[in-house]
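Worksheet: the structure to be examined is printed underneath.
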Amino acid sequence: MNTPRRFDHLVLATRDLAAMRVAYAGLGFTLTPRAAHPWGTGNHLVQLQGNFLELLGLDDPARIPPHGPRHFSFGAYNRDFLAEREGFSMLVFASTDAEADRRDFAASGFGQYERFDFSRDAQLPDGTVARVGFSLSFAVPADWPEAVFFTCQQHAPQHFWKPEYQRHANTAERVVEVVMVADEPTAVADRLARLTHAWQEPVRGGVRFTTPEGGNDLTVLTPAAALARWPGSAVSGRLPNLLGYRIAVADLDAAARCLESGKVNFTRAGRRLTTWAFGAVIEFEGP
């Protein structure tokens, strides 16, 4: 039996990366220094405990390569996504064998894309620079233009994960849930089951894919159910797509103080705080 896939990171695409950096700092997150990709995009990261957020912008659109018959262009996809809207553009799963993932995705009908290997310089907390490397395998449902997935295998994790970047004023610990929206969640469930290898359970207004150890839930809701959960959020774009995410925090009051200090509009209900930024819902959940 295949092991359920766990979250590696979320790609949050923006037309103004500098403004997004300021906004996420105002939410109480610590961000890594800006990094550049060789294919024309740039990012800041919010490192958590075992997964992270990637705040992504376009640095040099002229350098973005086109898609090819067996080449999925990360840059071109996000450029085209941003031509329509900002938001949660891609969901990434952790990998220990990206080549095995590539074969699995091809056999499961997610496209015959080649594995993509790359490296870049990463600035460490002490100001020094180290080389980090990654292998990516893409899962691209042909009729889901705004919901793309891939796996990420890290080749130098000792240079990537740094405790200094994982300490946040809002006490954020990890992403524990991602929420998708689909007109008919059960109609997309079979493909998501093949993608996640996770256990499936019905929920009100949709379906959830969960891992045995918990903390990696992918929930798919109808637009009405998503709006009932997160009133005031905006379901937009072509469905199915990715709407928002839930982050576990160690101290919900500390998270609330960060939002108040940053003059962020949010709602509080029980153990959860909810806000909206750059096209994505962000939910903080306390113990």
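Things to note:
- Taken over segment 108-151, residues that are of a type outside the set (S, T, N, Q) and within 16 Å of THR32 (Cβ to Cβ) amount to 12.
- Selection status of ASN2, modelled with pLDDT of 95 or more and in contact with a His (Cβ under 7 Å, 6 or more places away or on another chain): no
- Output for segment 133-179, where each listed residue is touching a Pro at 6+ places or on another chain (Cβ under 8 Å) and within 30 Å of GLU260 (Cβ to Cβ): LYS162, GLU164, TYR165
- If you go through segment 145-167 and keep only what is part of a loop (DSSP other than H, G, I, E, B) and buried (at least 20 other Cβ atoms within 10 Å of the Cβ), you end up with GLU146, ALA147.
- Count of residues meeting criterion [in contact (Cβ under 8 Å) with a residue 24 or more places away in the chain and more than 20 Å from ASN216 (Cα to Cα)] in segment 122-154: 14
- Counting only helices (runs of 4 or more DSSP H) that sit wholly inside segment 1-111, those with at least 3 residues that are surrounded by 16 or more Cβ atoms within 10 Å (Cβ to Cβ) and under 17 Å from the mean Cα position of the chain (by Cα) are 17-26, 74-84.
- ALA228 within 26 Å of THR32 (Cβ to Cβ) and out of contact with any Asp or Glu (no Cβ under 7 Å at 6 or more places or on another chain): no
The values are calculated or read from the model by the stated rules, or taken from the named source; none is laboratory data. Every value quoted in this text rests on a predicted model; they were computed, and no experiment measured them. For neighbour counting, all protein chains shown are included, and Cβ atoms are generated from backbone atoms with ideal geometry for every residue, glycine included.
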